[in-house]
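The values are calculated or read from the model by the stated rules, or taken from the named source; none is laboratory data. Computed from a predicted structure; not experimentally measured. Note that each Cβ is placed from the backbone with ideal geometry, even for glycine, and that neighbours are counted across all protein chains shown.
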Amino acid sequence: MKERPIFLLGVGCQKGGTSWLHHYLQHHPQADLGLAKEYHFFNGMYAESGPSVRAYFEQQLAAAPPDSILHQHLTHQLSFFEAPKRYYQYFQSLDKGLVGDITPAYAMLSKDTFTLAKTQLEAHGFQVKVVFILRDPLERIWSAIRMHKKIYPQNFINKPTAESDDLAILKAYNEWHIEVRTRYEKTITNLEAVFSREALHYIFYEEFPTPDTMQPLCEFLEIDYIEKDFATRVNSQSKSTELSLQTCETVIRHYASTYKFIQGKFGINKVNKIWPNASKLET
């Protein structure tokens, strides 16, 4: 094992292919991401949403069969909140050169919390590397809505939003929990204020996963590239309809600053090709 194992801090985005990434790495002989994909440690401990995060884990634990693996894992995760040193010690115990925590909610963390995460992880012997997958804002929001309909059908039954993605999106696109996961400029600004450019790796969801994106990622994480079935998605939410032009225009206009920030950072021609919605800002 490396003298300083790499700790992958996966910060999203939500509905950005992080489940596929976790599956790939968890089956890689040089990596071990442990008992969970999403540990929610840094938002559960240090974000304003911390109490609700911990309450969610406690509810899940109460509902899990006492003799189940899920119960064991949830008990373990809750112990990290009770004694934070256990979180770092747990990853120290994994005998691989690459370990990590892929929690899309980390995209919402503040600069101060990213600083704390980096400082604490380095103090426990890790080399921290960050991966952030970016998805077209409109497409990310739409996918999140489809996911919510599937997971929480009770929130949509007997309501207009049960039959219309348009109505559901127009109701939710500017709500806090959607905004904070979609304003990539805020996440990137916070990350780049804390981590060196060499410790950051950005990927566009629309190009992921392919050999062209996975080979550089594996090089960044200092593991061997292994060919996989790149055509199979994990936790993908299929579309059953199309959005109206009005809905698309409303969301694109609302997130214009996000599209423009990404255009400015990665190049307008590249972004417009990957995210056709970005090119609509010019018309």
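Residue count for region 180-205 satisfying the condition of being surrounded by fewer than 19 Cβ atoms within 10 Å (Cβ to Cβ), in a loop (DSSP other than H, G, I, E, B) and over 14 Å from the mean Cα position of the chain (by Cα): 3. Take the conditions within 19 Å of L138 (Cβ to Cβ), in contact (Cβ under 8 Å) with a residue 24 or more places away in the chain and of a type outside the set (F, W, Y) and apply them to I226. Does it pass? No. Taking residues in region 164-179 that are outside any helix (DSSP H, G or I), and partners anywhere that are among the aliphatic types (A, V, I, L, M), the pairs with Cβ atoms closer than 7 Å and at least 6 places apart or on different chains are Y173/I141; Y173/V251.
Screening the candidates A117, A55, A47 for the property of being at pLDDT 95 or above and out of contact with any strand residue (DSSP E or B) (no Cβ under 7 Å at 6 or more places or on another chain) yields one hit, A55. Scanning region 207-225 for residues that are touching a Phe, Trp or Tyr at 6+ places or on another chain (Cβ under 9 Å) and either surrounded by 15 or more Cβ atoms within 10 Å (Cβ to Cβ) or over 27 Å from H28 (Cβ atoms) (or both) gives F208, P209, T213, M214, L217, C218.
Of all residues being aliphatic (A, V, I, L, M), under 22 Å from A47 (Cβ atoms) and touching a Phe, Trp or Tyr at 6+ places or on another chain (Cβ under 9 Å) in region 68-98, which is surrounded by the fewest Cβ atoms within 10 Å (Cβ to Cβ)? Just the residue, please.
Looking only at region 68-98, we keep the residues that are aliphatic (A, V, I, L, M), and these are 69-70, 74, 78, 83, 94, 98.
Subsequent filtering for residues that are under 22 Å from A47 (Cβ atoms) retains 74, 78, 83.
Of the ones still in play, those that are also touching a Phe, Trp or Tyr at 6+ places or on another chain (Cβ under 9 Å) are 74, 78.
On the way: L74: 21, L78: 15.
Out of the qualifying residues, it is L78.
Which residues, taken from region 124-152, are without any contact (Cβ under 8 Å) to a residue 24 or more places away in the chain and more than 18 Å from S19 (Cα to Cα)? K149, Y152, listed by residue number.
Is it true that P65 is assigned to a loop (DSSP other than H, G, I, E, B) and more than 20 Å from V128 (Cβ to Cβ)? Let's see the steps before the verdict.
Numbers: assigned to a loop (DSSP other than H, G, I, E, B): yes; more than 20 Å from V128 (Cβ to Cβ): yes.
Criteria met by P65.
Name the single residue that is surrounded by the fewest Cβ atoms within 10 Å (Cβ to Cβ) among those in region 22-59 being hydrophobic (A, V, I, L, M, F, W, C) and more than 17 Å from V128 (Cβ to Cβ). Break it down into steps so the answer makes sense when it comes.
Filtering region 22-59 down to residues hydrophobic (A, V, I, L, M, F, W, C) leaves 25, 31, 33, 35-36, 41-42, 45, 47, 53, 55, 57.
From the residues that got through so far, the ones that are more than 17 Å from V128 (Cβ to Cβ) too are 35-36, 47, 53, 55, 57.
Values: L35: 14, A36: 16, A47: 18, V53: 19, A55: 11, F57: 18.
Taking the candidates together, the pick is A55.
Contact annotation: residue pairs with Cβ atoms under 7 Å, 6 or more positions apart or on different chains, pairing a residue in region 91-117 that is closer than 16 Å to V53 by Cα with a partner that is of a type in the set (K, R) and outside any helix (DSSP H, G or I), are I102/K37. When we screen H76, H71 for residues that are without any contact (Cβ under 8 Å) to a residue 40 or more places away in the chain, assigned to a helix (DSSP H, G or I) and over 30 Å from W275 (Cα atoms), the only hit is H71. Looking only at region 120-157, how many residues end up being surrounded by fewer than 16 Cβ atoms within 10 Å (Cβ to Cβ) and at pLDDT below 95? Summing the residues that are surrounded by fewer than 16 Cβ atoms within 10 Å (Cβ to Cβ) and at pLDDT below 95 in region 120-157 gives 8.
P104 meets all of the listed conditions (1) under 18 Å from the mean Cα position of the chain (by Cα); (2) at pLDDT below 95; (3) surrounded by 19 or more Cβ atoms within 10 Å (Cβ to Cβ) but one, namely (2).
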